[in-house]
Amino acid sequence: MVRLSGDLDGPRVAVEDSLGRPNGGPARYPPNGEYSQPLLAGESDLDVRSKYQDLLPEHESSRASPGKLAIGFTVTMLVIALGMWVYQPKLHRRGQLAVDTGYVDQSAGVGRLPFMGYNTWNAYWCNINETVVLENARLMKSLGLKDVGYEYVGVDDCYSEKQRSSAGDIVANKERFPSGMKKLTDEIHSLGLKAGIYSDSGWFTCQLYPGSYGNEERDAKLFQEEWGFDLLKYDNCAIPFDSVMKEGMVGKFTRMAKALSDLSKKTGKPQMLFSLCQWGREEPWLWARRLGHSWRTTDDINASWGSITDLLNRNSFISWASDFFGHNDMDMLEVGNGDLSYDEAKSHFTAWALMKSPLVIGTHLQGASKETLEILKNKEIIAINQDPVVGPGITPFRWGINPDWTYNWTHPAQYWSGRSENGTVFMLLNTLNEPAHMFFSLTESPWIRAGRQYSVRDLWTHTENGTAVRNFTVHGVPPHGVVALLLKDAGDEPEGLDPPCARPEWCMNENGTRIDQ
Ligand code: GAL
């Protein structure tokens, strides 16, 4: 049982300044010249210049007169102003500064929020067929998963014949999908859901079915126009030789991004949601936002706590990259699979949701346990993932048992926060194998205002937990467990609290007395 309590007298924080001296040391401004060459006594800067005239570069040795400088300055300003005026129409579109969105058309809102849905891979691998896909689609509806936001039903690898048709098209596997893909997407659509398909940017998929390299336009048309899919997951196996491709990772994925964009321009239909899957190679968080709506950041997940902490650790360093229309994809959910404990599954789901990863169920829904469904359907957690107002997810403000910013795949960052439409979200993760008390000063989070108090809602117990002043302690977080809190501003903190600053570094009264020395 987790016990939460507001805690008025937290420990004083021992501070060091950037030079590593405890408690800040004396003020060092203005700089004392320690790092610049000292002048000889009695010399001015000008004297030194004339003395070493011969050593100065030619243009430096004669000084421009103030008159020349003023003319030069005026001319430069005029040129800059003229340039800005000429380029103004290009910088502004509909009254706003234009943003380069690459091949992603944001006008229909596709992929603005992390997508939610189901995918066959984690539960079935290659053992898929139309019955399995439709059974899970129907369960998404009857179990209430659709109602809380799960929308896309994705068919992963192994759905096709090994060979393209004589015309060059990918062909649905006749045994596994005897009714054909159009029938499948029609059924999925009739449930009020959307349909996802899978292909690969190379010669073959990872299970050696046909990939889309060299057939991007043809396949985009097949997937969207003929088969009726709404989402494409695009993998990274069977990469053509350099001598064939003459481009790298970005170019290889750009080919399909362009095909999807061209197709949508031609048909007038919204672009397919494009989910890149190249396992974080070549840092997709730096470039994939211009090509698609999400990008896998890591190798494949598996249903073990070690895999969860590994992926969480890697993503903790790039959590800034998710925002509207482009999300780090931490891979599909393993909730309900393997030997993840209840607390581990909750931690996994909470972290994925609050870090704004797509939420893609990957378990057998037939027979899913009460706990699995309770986790997947936590509306308060999903509301943060699907926040329509705040795009970025939570980021660590303290690593906890490790020094900040340390890479540690078994013990990733423990203290996280972020903004949301309705307040500041906190995630506390106990990475230890025993229960832990977890404590933080509210203003360690950049999203909290000093001098204010906050109401605390627990997003797992769905209860209000009093008002936090300055700091907060959670007692007895279970091993590998998580606490997710929503803090809302509840007015000024009580008068006369001591110390006068919860974060005492450089805290000073108006007479110039520091409290941290
Ligand atoms: C991997 C991918 C998995 C799954 C698999 C299918 O590359 O990361 O999510 O799609 O291929 O072969």
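The values are calculated or read from the model by the stated rules, or taken from the named source; none is laboratory data. Keep in mind that what you see is a predicted model, and the values were worked out from it rather than measured. Positions of Cβ are generated from backbone atoms using ideal geometry, with glycine treated the same way; all protein chains shown enter the neighbour counts. What goes into the accessible areas is simple: the full protein's heavy atoms, side chains included, and nothing from ligands, DNA or RNA. Shrake-Rupley method; radii C 1.70, N 1.55, O 1.52, S 1.80 Å.
If I take R0 = 51 Å and measure r between the Cβ atoms of residue 218 and residue 342 in this structure, what FRET efficiency does the formula 1/(1 + (r/R0)^6) give, to the nearest 0.05?
Numbers: r = 47 Å, r/R0 = 0.91.
About 0.65, to the nearest 0.05.
Cross-link list 221/265; 246/266; 141/356: which exceed 19 angstrom alpha carbon to alpha carbon? Listed pairs above 19 Å: 246/266; 141/356. Using 0.36 nm per residue and subtracting the Cα-Cα separation, the extra length available between residue 267 and residue 186 on full extension is 27.3 nm.
Between residue 517 and residue 433, take the C-beta separation as r, use R0 = 41 Å, and let me know the FRET efficiency to the nearest 0.05. Numbers along the way, then the final one.
Numbers: r = 40 Å, r/R0 = 0.98.
Efficiency, from the Cβ-Cβ distance: 0.55.
The order of the peptides 280-287, 238-245, 477-484, 493-500 by mean Cβ neighbours within 10 Å, most packed first, is 477-484, 280-287, 238-245, 493-500.
Treating r as the C-beta distance of residue 300 and residue 506 and R0 as 60 Å, the FRET efficiency rounds to 0.80. Extension gain for residue 107 to residue 407 (0.36 nm times residue separation, less C-alpha to C-alpha distance): 104.1 nm. Solvent-accessible surface of the range 119-262, taken per residue with a 1.4 Å probe and all protein chains present: 41 Å². Within straight-line reach of residue 146, meaning a Cα separation under 17 Å, sit the following lysines at least 8 residues removed in sequence or on another chain: 194, 370, 377, 379. Of the peptides 322-330, 509-517, 452-460, the order by per-residue mean of other Cβ atoms within 10 Å, starting with the highest, comes out as 322-330, 452-460, 509-517. Of all accessible surface on the range 138-266 at a 1.4 Å probe, what whole percent is carbon and sulfur? So the carbon and sulfur contribution to the accessible surface is 51 percent. For the pair residue 464 and residue 377 in one chain, pulling the backbone fully straight at 0.36 nm per residue adds 29.4 nm over the alpha carbon distance. Once the 1.4 Å probe is applied to the protein heavy atoms, the range 432-517 comes out at 50 Å² accessible per residue. In terms of packing, defined here as the mean over residues of other Cβ atoms within 10 angstrom, the peptides 373-381, 226-234 line up highest first as 226-234, 373-381.
Considering only 103, 150, 177, and ranking their Cα positions along the charge dipole of the range 89-178 that arises from unit charges at the beta-carbon of Lys, Arg, Asp and Glu, the one farthest toward the positive end is 103.
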